[in-house]
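Q: Quick one: this structure, given as structure tokens, is what I'll be asking you about.
The values are calculated or read from the model by the stated rules, or taken from the named source; none is laboratory data. Owing to the predicted nature of the structure, the values given are computational and were not obtained by experimental measurement. Here Cβ is always computed from backbone atoms with ideal geometry, including for glycine, and neighbour counts include all displayed protein chains. All accessible areas refer to the heavy atoms of the entire protein, side chains included, with ligands and DNA or RNA removed. Shrake-Rupley method; radii C 1.70, N 1.55, O 1.52, S 1.80 Å.
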Amino acid sequence: MKLPYSWLQELVPQLPPVSELEPIFAQIGLPLEGVDTVSAPPQGVMLVAVTSAQPIPDTKLTKITLNTGLQYGTQVIASGAPNAVGLPAGTMLALVSPGTTLGSMTYAVRNLQGVDSWGMAASAKELGLGESSAGLMLLPAGTATPGTPLAQLWPADSVLDIEVTPNRADALSALGVARDLAAYLKLPLVPPSSGLSSSGGGQIEVKLPPKGVVLERDPSHTLRFGCDHFAARTVSGVHNGPSPLWMQRRLTLAGLRAIDTLVDTSNYVMLELGQPTALYDRRDVVNDRIIVSFGKPQGEEVRDLLGNTHTVGREDLLILDGHDRYSDIPSVADAFAAPSDALAQADSGVLGIAGVIGGTHGRIRADTSDLVIEAAHFDPVLLRRTATRLSLKTDAVYRFERGTDPLLPQWAAARIAELLQQHAQGVPESGLTLVGTPQLPAEISTTGEQIRGLLGMQVDTAEMRDILTRLGCNVQGSGDELRVTAPSWRVDINIWQDVAEEVARLHGFGELPETLPTLRPHDSNIGASAPSEKRTELRRALSGLGFQEVVTYTFSSDDEAQKARTEALTVKLQNPLSSERTGLRTALYPSLLRAAGAYAGHPRALLFEIGRIFPAGGEAERLGLLMRGDLAPHTYQSGVAGGFGTFKGLLEAFAAQQGAALHLIQQRGADVPPALHPGIAGGVVWNGQTVGFAGVLHPEIAAEFGLKGDTFIAEISLPLPARSWAFADPSRAPAALRDLAVIAPQSVSYGEMVKVLEGAGGHLLESVEPFDVFTGEQVGAGNRSVAVRMTYRGAKTLTEEDIDPVFNAQIAAVRGQGWAIRDR
């Protein structure tokens, strides 16, 4: 948030100079992101008064006759600015007189369409005073004597760029920042004017929605209120036009664009007090009645004052006019509860989306003379949901969603009424409509000892009382007891720890002692780091095997999911940053393919990622692996070729490092994952449990991602299943070996053969390892011979009599499957 130093100095007259403010702001928790020095306009820029403004025929220019003061008298300029047409006499402009240099240009008298233009009437942007370049900088008549240098009324200033944390909604105003500075520095605060006081009730009737409404979309969230405080006041006979120079200056320095008196006054009060407001043309407030209600259950279209259309429903709070169609509704609660009632059936006149943006209906127009001021307090949760769903982030939303002062509406309405009386010739009504009972901060009980124990520093209880009182808190209690009621504007002080934070903030964070922390882990935290430590162990093991870790976005798109043949996205982003990241991914391997595709020209890649996916079944964690090209390139020594065998070997080595048993089960037909080649696809079995898949990427998917050649991928569920550990002395008995060649159809996987041999091998069989595969006429067409070496071991040295029965049982089991045994 940007605030000019001069504005803060008006509220805190004894404020230190700008050069000393940075550590002060850091101490009170509002660090400065920067301090910009804004120079005054050059001396040649003067304020002049319009005498007449007439269009130049057959051109887009306007001839403006000016009173430039005693020194230069009457002068004429030509201007192409859109707001130069029809300027009322007396309106004041900022004129760049001949001989004045702005930037790299020196202005002089120039002939434009037959008019000797004496300098140039400038916009705020051309003068370097703001970003508005839509037209001339206009000021009210009588702002200053014609010929007065603009620099006298628009002096140089410093603009503080303040970082405001989300919990400090009270600091989103000049008054809020000034309160904190005055409390910390123990300086007197000069608050803004309390506005035009009121007496009696107002002319506008206001109805508020019921409290405790449960939303259909989220029944778990019961609203505390929709709107619990609403102030309305009328002002008649206003004359709109340029806002006063001092107001334009403050708005411009704060980063807002000056528009006209009515809009600028509303924006100024928002920056001054922190209360967003709205102004409605009284002609649209039918029957002098305003109804604050939720939208129709069936939804409706609302056009905002910028001309954009939004669909609102029963979760959105609206400001409605008081048309007679609502007169038969006893209360807004009845209107909300009955979908078929008069309110739901009628075409409502929507004055605005509450706390978000005004509507086309009710907007201030060029001929508006009577208006209604709205200042209200809305539920921040409700308003934030509406603004997010409608993708509307206004200055009002920015404040309301963080929580505004529930008692501020009355002050804000009075302040706007006062400013419109002073600068728009308005006549405010004497009364004020004020409805609703806002929820105020509750009393917080604590002790000085409790706060000292939390902060770890010695602060007297008396000093705590003084600090909290300076912050506006009501502090009761005797001795060490503190019963604290926060001021209405501090919606972030809710528990005693918040009170302790305020004490530390104003006492000084620099006073916190430097001590070694005492580690006191809660019982629930013991072992909480185990999953993270396991991930670290997996990362180290894979890095040791040559894999490189990648960290990719968890976002994907429907297009990418379709290309990768993964499950369609189920969790979609409401406001995606790009078409490539519209939702949360449902598989991990597309992210690896995208990473490999970025380096498709590289001859080899060995990647892994540990990340989360979000399928329809729920969030899950996965380990993804990818290999392309040779494992080790051929140089002066033979390299290590790539291939499925190499990839499988890496998986087995990884499992061995984890002390796990891993093997692959060939998958066929409908069991093959869509991502894999039907001929080379396997299920990953880890410690006896199927945890994922591994194989060759389907060629069509590889083509979609621009990957040439074989790409091997695996995706494994985490956490990996563990197995119980048992330690035994190594057997001292020697091993016995037997070789067996099994002839089976090529459709039979090696895993199926091993399963049959292990099933018949009993406890003496220690391992089965392949050492030869043969195909040819000798074994028959469509068959292959797989030779395996089986290791047997027992508690003693095994003899032929011990091994033969087991070996014969294995042969019988093989033949029982319809397979053959290849003779020597």
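Q: Going through the stretch 381-424 one residue at a time, which ones are of a type in the set (Ser, Thr, Tyr) and within 27 Å of residue 299 (Cβ to Cβ)? Don't jump to the end; show me each part of the working.
A: Kept after step one, since they are of a type in the set (Ser, Thr, Tyr), are these residues of the stretch 381-424: 386, 388, 391, 394, 398, 404.
Scanning the stretch 381-424 gives 386, 388, 391, 394, 398.
Yes/no per residue for (1) within 21 Å of residue 37 (Cα to Cα); (2) in contact (Cβ under 8 Å) with a residue 24 or more places away in the chain:
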residue: 96; (1), (2): no, yes
residue: 100; (1), (2): no, yes
residue: 110; (1), (2): no, no
residue: 118; (1), (2): no, yes
residue: 126; (1), (2): yes, yes
residue: 152; (1), (2): yes, no
residue: 176; (1), (2): no, yes
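Q: Continuing with this model, one more query. So which of 672, 691, 685, 640 ends up being at pLDDT below 90 and β-branched (Val, Ile, Thr)? Spell out the reasoning first.
A: Numbers: 672 fails: at pLDDT below 90; 691 fails: at pLDDT below 90; 685 fails: at pLDDT below 90.
None of the other options fit; the residue is 640.
Q: Let me spell it out: the conditions are (1) modelled with pLDDT under 95; (2) farther than 22 Å from residue 718 by Cβ, and residue 486 meets all of them except one. Which number is the exception?
A: (1)
Q: Still on this structure, I have one more. Test of understanding: among 653, 661, 694, 675, which residue is open to solvent by 20 Å² or more (accessible area, probe 1.4 Å), closer than 17 Å to residue 714 by Cα, small (Gly, Ala, Ser) and touching a Lys or Arg at 6+ places or on another chain (Cβ under 9 Å)?
A: Result of the check over 653, 661, 694, 675: 661.
Q: Quick check on my filter: what residues within the stretch 369-389 are closer than 14 Å to residue 401 by Cα and either among the aromatic types (Phe, Trp, Tyr) or in a loop (DSSP other than H, G, I, E, B) (or both)?
A: Taking the stretch 369-389 and keeping what is closer than 14 Å to residue 401 by Cα, we get 376-389.
Selection gives 378, 379.
Q: Those residues that are under 17 Å from residue 656 (Cα atoms) and touching a strand residue (DSSP E or B) at 6+ places or on another chain (Cβ under 6 Å), I need them from the stretch 719-745; list them, please. Step through it out loud before you land on a result.
A: Kept after step one, since they are under 17 Å from residue 656 (Cα atoms), are these residues of the stretch 719-745: 719-727.
Once the filter is applied, which keeps residues that are under 17 Å from residue 656 (Cα atoms) and touching a strand residue (DSSP E or B) at 6+ places or on another chain (Cβ under 6 Å), the stretch 719-745 yields 720, 721.
Q: Looking only at the stretch 51-75, which residues are of a type outside the set (Ser, Thr, Tyr), surrounded by 15 or more Cβ atoms within 10 Å (Cβ to Cβ) and either under 48 Å from the mean Cα position of the chain (by Cα) or over 18 Å from residue 242 (Cα atoms) (or both)?
A: Here is the first cut: in the stretch 51-75, the residues of a type outside the set (Ser, Thr, Tyr) are 53-58, 60-61, 63-64, 66-67, 69-71, 73, 75.
Restricting the remaining residues to those that are surrounded by 15 or more Cβ atoms within 10 Å (Cβ to Cβ) gives 53, 56, 61, 63-64, 66-67, 69, 75.
Once the filter is applied, which keeps residues that are of a type outside the set (Ser, Thr, Tyr), surrounded by 15 or more Cβ atoms within 10 Å (Cβ to Cβ) and either under 48 Å from the mean Cα position of the chain (by Cα) or over 18 Å from residue 242 (Cα atoms) (or both), the stretch 51-75 yields 56, 61, 63, 67, 69, 75.
Q: Given (1) in contact (Cβ under 8 Å) with a residue 12 or more places away in the chain; (2) outside any loop (DSSP other than H, G, I, E, B), identify the lone condition not met by residue 805.
A: With (1) in contact (Cβ under 8 Å) with a residue 12 or more places away in the chain; (2) outside any loop (DSSP other than H, G, I, E, B) applied to residue 805, the lone miss is (1).
Q: Identify, from the list 318, 279, 306, the residue that is under 29 Å from residue 251 (Cα atoms), of a type in the set (A, V, I, L, M), touching a residue at least 60 places away in the same chain (Cβ under 8 Å) and not in a helix (DSSP H, G or I).
A: Details: 318 fails: touching a residue at least 60 places away in the same chain (Cβ under 8 Å); 306 fails: touching a residue at least 60 places away in the same chain (Cβ under 8 Å).
Sole residue among the options that is under 29 Å from residue 251 (Cα atoms), of a type in the set (A, V, I, L, M), touching a residue at least 60 places away in the same chain (Cβ under 8 Å) and not in a helix (DSSP H, G or I): 279.
Q: Could you say whether any residue in the stretch 411-426 is without any contact (Cβ under 8 Å) to a residue 40 or more places away in the chain, of a type outside the set (Ser, Thr, Tyr) and more than 24 Å from residue 290 (Cα to Cα)? Write out each step before concluding.
A: Keep residues of the stretch 411-426 that are without any contact (Cβ under 8 Å) to a residue 40 or more places away in the chain, which gives 422.
Next cut, of a type outside the set (Ser, Thr, Tyr) only: 422.
Narrowing the set further to residues that are more than 24 Å from residue 290 (Cα to Cα) leaves 422.
For the stretch 411-426, residues without any contact (Cβ under 8 Å) to a residue 40 or more places away in the chain, of a type outside the set (Ser, Thr, Tyr) and more than 24 Å from residue 290 (Cα to Cα): present.
Q: Hey, does the stretch 455-462 have a residue that's closer than 27 Å to residue 243 by Cα and polar (S, T, N, Q)?
A: Of the residues in the stretch 455-462, the ones closer than 27 Å to residue 243 by Cα are none.
No, the stretch 455-462 has no match at all.
Q: Restricting to the stretch 623-638, and then to whatever is over 15 Å from residue 542 (Cβ atoms) and in contact with a strand residue (DSSP E or B) (Cβ under 7 Å, 6 or more places away or on another chain), can you tell me which residue is most open to solvent (accessible area, probe 1.4 Å)?
A: Our first condition is that a residue be over 15 Å from residue 542 (Cβ atoms); within the stretch 623-638, this holds for 628-630, 632-638.
Next, from what is left, pick out any that are in contact with a strand residue (DSSP E or B) (Cβ under 7 Å, 6 or more places away or on another chain): 628-630, 632.
On the way: 628: 21, 629: 30, 630: 75, 632: 33 Å².
By that ranking, first place goes to 630.
So that you can scan it fast, the table gives a plain yes or no per residue for (1) among the aromatic types (Phe, Trp, Tyr); (2) closer than 17 Å to residue 752 by Cβ; (3) open to solvent by less than 70 Å² (accessible area, probe 1.4 Å):
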| site | (1), (2), (3) |
| --- | --- |
| 770 | no, yes, yes |
| 773 | no, yes, no |
| 776 | no, no, yes |
| 785 | no, yes, yes |
| 791 | no, no, yes |
| 800 | no, no, no |
| 805 | no, no, no |
| 808 | no, no, no |
| 811 | no, yes, yes |
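Q: Let me ask something else about it. For the stretch 309-345, enumerate the residues that are open to solvent by 20 Å² or more (accessible area, probe 1.4 Å), at pLDDT below 50 and under 20 Å from residue 280 (Cβ atoms).
A: Once the filter is applied, which keeps residues that are open to solvent by 20 Å² or more (accessible area, probe 1.4 Å), at pLDDT below 50 and under 20 Å from residue 280 (Cβ atoms), the stretch 309-345 yields 325, 327.
Q: May I pose another question? Filter the stretch 505-562 down to residues that are over 24 Å from residue 655 (Cβ atoms) and of a type in the set (Lys, Arg) and give me whichever is surrounded by the fewest Cβ atoms within 10 Å (Cβ to Cβ).
A: Applying the filter and picking the extreme gives 520.
Q: Out of 748, 786, 773, report the one residue that is under 22 Å from residue 681 (Cα atoms), under 60 Å from the mean Cα position of the chain (by Cα) and in a loop (DSSP other than H, G, I, E, B). Talk me through it step by step, then tell me what you get.
A: Details: 786 fails: in a loop (DSSP other than H, G, I, E, B); 773 fails: in a loop (DSSP other than H, G, I, E, B).
Going through 748, 786, 773 in turn, just one is under 22 Å from residue 681 (Cα atoms), under 60 Å from the mean Cα position of the chain (by Cα) and in a loop (DSSP other than H, G, I, E, B): 748.
Q: While we're looking at this one, here's another question. Taking only the stretch 1-39 into account, find how many residues are in a loop (DSSP other than H, G, I, E, B) and over 22 Å from residue 129 (Cβ atoms). Quick ask: steps written out before the conclusion?
A: Of all residues in the stretch 1-39, those in a loop (DSSP other than H, G, I, E, B) come to 1, 12-17, 28-31, 39.
Subsequent filtering for residues that are over 22 Å from residue 129 (Cβ atoms) retains 12-17, 28-31.
Adding up the residues that qualify gives 10.
Q: Could you please find all residues in the stretch 564-622 being open to solvent by 60 Å² or more (accessible area, probe 1.4 Å), within 24 Å of residue 711 (Cα to Cα) and under 23 Å from the mean Cα position of the chain (by Cα)?
A: 580, 612
Q: Test residue 546 against the criterion of being in contact with a strand residue (DSSP E or B) (Cβ under 8 Å, 6 or more places away or on another chain), among the small types (Gly, Ala, Ser) and in a loop (DSSP other than H, G, I, E, B), and give yes or no. Reasoning before the result, please.
A: Working: in contact with a strand residue (DSSP E or B) (Cβ under 8 Å, 6 or more places away or on another chain): yes; among the small types (Gly, Ala, Ser): yes; in a loop (DSSP other than H, G, I, E, B): yes.
So residue 546 fits the description; yes.
Q: Listed residues 649, 618, 642, 679; which is out of contact with any Asp or Glu (no Cβ under 9 Å at 6 or more places or on another chain), part of a loop (DSSP other than H, G, I, E, B) and not hydrophobic (A, V, I, L, M, F, W, C)? If you could, list the steps in order and put the result at the bottom.
A: Working: 649 fails: part of a loop (DSSP other than H, G, I, E, B); 642 fails: out of contact with any Asp or Glu (no Cβ under 9 Å at 6 or more places or on another chain); 679 fails: part of a loop (DSSP other than H, G, I, E, B).
None of the others qualify; the one that does is 618.
Q: Please pick out the residue among 60, 2 that is of a type in the set (Lys, Arg) and farther than 28 Å from residue 193 by Cα.
A: On the way: 2 fails: farther than 28 Å from residue 193 by Cα.
Every option except 60 fails the conditions.
Q: Does residue 740 count as closer than 16 Å to residue 788 by Cα and not aromatic (Phe, Trp, Tyr)?
A: Numbers: closer than 16 Å to residue 788 by Cα: yes; not aromatic (Phe, Trp, Tyr): yes.
It is true that residue 740 is closer than 16 Å to residue 788 by Cα and not aromatic (Phe, Trp, Tyr).
Q: So in the stretch 178-196, with the set limited to residues that are part of a loop (DSSP other than H, G, I, E, B) and not hydrophobic (A, V, I, L, M, F, W, C), which one is nearest to residue 271 (Cα to Cα)?
A: So in the stretch 178-196, the residues part of a loop (DSSP other than H, G, I, E, B) come out as 186-196.
The next check asks that each one be not hydrophobic (A, V, I, L, M, F, W, C); those that pass are 186, 188, 191-195.
Values: 186: 24, 188: 21, 191: 13, 192: 12, 193: 14, 194: 15, 195: 15 Å.
Only one residue tops the list, namely 192.
Q: May I pose another question? Pull up the stretch 139-152, narrow it to residues that are surrounded by fewer than 18 Cβ atoms within 10 Å (Cβ to Cβ) and of a type in the set (A, V, I, L, M, F, W, C), then point me to the one that is farthest from residue 97 (Cα to Cα).
A: 141
Q: Report, by residue number, each residue of the stretch 746-802 that is modelled with pLDDT of 90 or more and of a type in the set (Phe, Trp, Tyr).
A: 771, 774, 792
Q: Go through the residues of the stretch 252-263 one by one and say whether even a single one is modelled with pLDDT under 90, crowded, with 19+ Cβ neighbours inside 10 Å and touching a Leu at 6+ places or on another chain (Cβ under 9 Å).
A: No, the stretch 252-263 contains no residue that is modelled with pLDDT under 90, crowded, with 19+ Cβ neighbours inside 10 Å and touching a Leu at 6+ places or on another chain (Cβ under 9 Å).
Q: Still on this structure, please answer the following. Return the only residue of 491, 484, 499 being closer than 24 Å to residue 189 by Cα and touching a Cys at 6+ places or on another chain (Cβ under 7 Å).
A: On the way: 491 fails: touching a Cys at 6+ places or on another chain (Cβ under 7 Å); 499 fails: touching a Cys at 6+ places or on another chain (Cβ under 7 Å).
Among 491, 484, 499, only 484 is closer than 24 Å to residue 189 by Cα and touching a Cys at 6+ places or on another chain (Cβ under 7 Å).
Q: Could you pull out the residue among 136, 175 that is buried (at least 21 other Cβ atoms within 10 Å of the Cβ) and outside any loop (DSSP other than H, G, I, E, B)? If you could, list the steps in order and put the result at the bottom.
A: Working: 136 fails: outside any loop (DSSP other than H, G, I, E, B).
Exactly one of 136, 175 is buried (at least 21 other Cβ atoms within 10 Å of the Cβ) and outside any loop (DSSP other than H, G, I, E, B), namely 175.
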